[in-house]
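Notes for the one structure printed next.
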Amino acid sequence: MRDKRMSVDDVVAELRDGMTVGIGGWGSRRKPMALVTAIAKSSLKDLTVVSYGGPDVGMLCATGKVRKAVYGFVSLDSIPLDPHFRKARQQGEIEVAEFDEGALQWGLYAAALRLPFLPTRAGLGSDVVTNNPELKTVTSPYEDGEELLAMPAIHLDAALVHMNRADKFGNAQYLGPDIYFDDLYCLAAEKRYVSCERIVETSELLAAGPPQSLKINRMMVDGVVEAAGGAGFTSCVPDYGRDEAAQKAYAAGDLFAEASR
Amino acid sequence: MSDVTRAEICIAACAEAWRGDGEVIASPMGRIPALAARLAKLTFAPGLMLSDGDADYLTDPTGADSHVEAHIPYRRLFDFVWHGSRHVMMGASQLDRFGNQNISAIGTDFHRPKAQLIGVRGAPGNTINHPTSYWIANHSPKVFVEKVDVVSGIGFDRARAAGPAARFHELRLVVTNLAVLDFATPDRRMRIRSIHPGVTVEEVIAATGFALEGTSHPALTPQPGGEALRLIREVLDPKGTREREVPSAGRV
């Protein structure tokens, strides 16, 4: 089996201008901030960022990396709105596709299953349809004849997620309360990069959590990065909680505020 | 009960939104709705499912003897949203007469909004799939507007236009710091259901940016009973955090 270990810089070197990059986590929870920070400091540009948005979106907007943001929300949880994302929006600097957060999951799932779309009610009647004029509806071919939103597949060139543990082959483990959509990002992407708090032997994975915590496996991963503290100031329980002071500094303009741990 | 505060009346009024809901997830957004959902669960709606803010659901979120009874990560939560087993109480930056809600952005140019808010979040999916109520801590013409800038949660007019796919749409209550509103009118326009003790109907009309129905002789919002008051003050919120969302200038 292939040893997929690589460095943060190796990952950034594999990315290209104009790529669509999916970023795992949720709000200010388990965001792959080591990878995101390296992208923010790189020469990459014109990225389309797909995210249940937190400081990843704000940081990449503030550093001019984002051509388009695809999201349902952008929030820092304990700070409801990300000021950097707001500024980019209010100055008209970025394109956006704002979807219902459940429909966003459906778009990733459709890409994962290699389907062109999945039907849903979430978005019908709302201005999601008005503000994303490319969205179409589909009529049920069965006798109910219901008209539903055809949520298009969201294909990713690359997925970046941060896990608690992984082995060098790409079997990755979350130990916190929620996987969020990290496994879907991996299945929806061409290239999949997992950073983690610690790389361990495969035989050690079950020491930390049950088999159910192994939601990402080596079929879904191209690169594994050991990055202790790699979720930055966002929460990565049980390894660490959110560093509220560092997050406040980030929101106040210190973009690369480091967590003190 | 002359020492009952406006915040306590709001908690009891919000709790009423979940009356009769049975075994569904109650998702309160905001401090007063969070207290209200717990009050409802402890009194007349014991079947409600309440989360710890993450994926675990607790038998008694404030109690000393509370247990995890369910685990519902976001992936699964959307299953329940789309299944209809949930009643959310959301906030709104703008709300119109048919209950269209905006939490996305302020301004008429979506490509360059005057103020970017959190985003539509789950509001489109919530409102078309399961019962929704709203909590507005500051009833004002800035919130209650003729037309919202970005329809996030859909109102009755948008639901009607969406056809049979919107048949699960249901807006229950809009509770504010001044009144309780609902949509029990022939064409589902917002009406005053009751005004809180100490508030005049003129105040409610002046704080609303569109013409409300039901302005003649509205009922008075009931005050919480003795047991509800005891639960609010001694069990749910002994530190009085409710005053941060609805400060009382004086007692009602």
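The values are calculated or read from the model by the stated rules, or taken from the named source; none is laboratory data. In this text, all values refer to a predicted model and were calculated from it rather than measured experimentally. Cβ: placed from backbone, ideal geometry, glycine included. Neighbour counts: every protein chain shown.
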* Structure fact -> When restricted to A:102, A:53, A:107, the only residue at pLDDT 95 or above and either more than 9 Å from chain B (Cβ to nearest Cβ) or over 30 Å from residue A:219 (Cβ atoms) (or both) is A:107
* Of all residues in the range A:62-88, which are touching a Lys or Arg at 6+ places or on another chain (Cβ under 8 Å) and of a type in the set (Asp, Glu)? -> A:77
* Which ones in the range A:224-251 are surrounded by fewer than 19 Cβ atoms within 10 Å (Cβ to Cβ), assigned to a loop (DSSP other than H, G, I, E, B) and free of Cβ contacts under 8 Å to residues at least 24 places away in the same chain? -> A:241
* To do: Select from the range A:156-181 the residues that are at positive phi and within 14 Å of another protein chain (Cβ to nearest Cβ) and list them in ascending order.
  => A:180
* Structure fact -> Conditions (1) in a loop (DSSP other than H, G, I, E, B); (2) under 25 Å from residue B:99 (Cβ atoms) -> residue A:64 fails only (2)
* Asked: Restricting attention to the range B:74-114, which residues are closer than 20 Å to residue B:146 by Cβ, assigned to a loop (DSSP other than H, G, I, E, B) and away from chain A (no Cβ under 12 Å)?
  -> B:92, B:96, B:97
* Asked: Quick check, is residue A:13 of a type in the set (Gly, Ala, Ser), more than 24 Å from residue A:107 (Cα to Cα) and in contact (Cβ under 8 Å) with a residue 24 or more places away in the chain?
  -> no
* **Candidates A:160, A:149, A:187 - the one that is in contact (Cβ under 8 Å) with a residue 40 or more places away in the chain and within 20 Å of residue A:55 (Cα to Cα)** => A:160
* Number of positions in the range A:57-84 that are within 7 Å of chain B (Cβ to nearest Cβ) and not hydroxyl-bearing (Ser, Thr, Tyr) -> 5
* Asked: Would it be correct to say that residue B:108 is surrounded by fewer than 21 Cβ atoms within 10 Å (Cβ to Cβ) and β-branched (Val, Ile, Thr)?
  -> yes
* Conditions (1) buried (at least 19 other Cβ atoms within 10 Å of the Cβ); (2) more than 25 Å from residue B:167 (Cα to Cα); number of the one not met by residue A:125 -> (2)
* To do: Could you run through the range A:187-210 and say how many residues are of a type outside the set (A, V, I, L, M), surrounded by fewer than 14 Cβ atoms within 10 Å (Cβ to Cβ) and more than 16 Å from residue A:169 (Cβ to Cβ)?
  => 2
* Search result, residues across the range B:20-55 that are crowded, with 18+ Cβ neighbours inside 10 Å and free of Cβ contacts under 8 Å to residues at least 24 places away in the same chain -> B:34, B:41, B:55
* Please state which of the following conditions residue B:161 fails to meet, knowing it meets all the rest: (1) over 18 Å from the mean Cα position of the chain (by Cα); (2) surrounded by 14 or more Cβ atoms within 10 Å (Cβ to Cβ); (3) farther than 19 Å from residue B:90 by Cα; (4) among the aliphatic types (A, V, I, L, M). => (2)
* In this structure, does residue A:121 turn out to be within 12 Å of chain B (Cβ to nearest Cβ) and of a type in the set (Lys, Arg)? -> yes
* **Candidate set: the range B:174-191, residues that are surrounded by fewer than 22 Cβ atoms within 10 Å (Cβ to Cβ) and in a strand (DSSP E or B); chosen: the one farthest from the other protein chains (Cβ to nearest Cβ)** => B:191
* Residues B:138, B:126: which one is more than 8 Å from chain A (Cβ to nearest Cβ), polar (S, T, N, Q), assigned to a loop (DSSP other than H, G, I, E, B) and touching a residue at least 24 places away in the same chain (Cβ under 8 Å)? -> B:138
* So residue A:184 clears everything in (1) within 14 Å of chain B (Cβ to nearest Cβ); (2) touching a helix residue (DSSP H, G or I) at 6+ places or on another chain (Cβ under 6 Å); (3) of a type in the set (A, V, I, L, M); (4) surrounded by fewer than 22 Cβ atoms within 10 Å (Cβ to Cβ) except one condition, right? Which one? -> (4)
* Would the range B:156-168 turn up any residue that is within 10 Å of another protein chain (Cβ to nearest Cβ), in contact with a Phe, Trp or Tyr (Cβ under 6 Å, 6 or more places away or on another chain) and assigned to a loop (DSSP other than H, G, I, E, B)? -> no
* Asked: Got a number for residues in the range B:160-203 being within 19 Å of residue B:148 (Cα to Cα), among the aliphatic types (A, V, I, L, M) and in contact (Cβ under 8 Å) with a residue 60 or more places away in the chain?
  -> 5
* Does residue A:129 qualify as being within 22 Å of residue B:103 (Cβ to Cβ), of a type in the set (Val, Ile, Thr) and in contact with a Leu (Cβ under 6 Å, 6 or more places away or on another chain)? -> yes
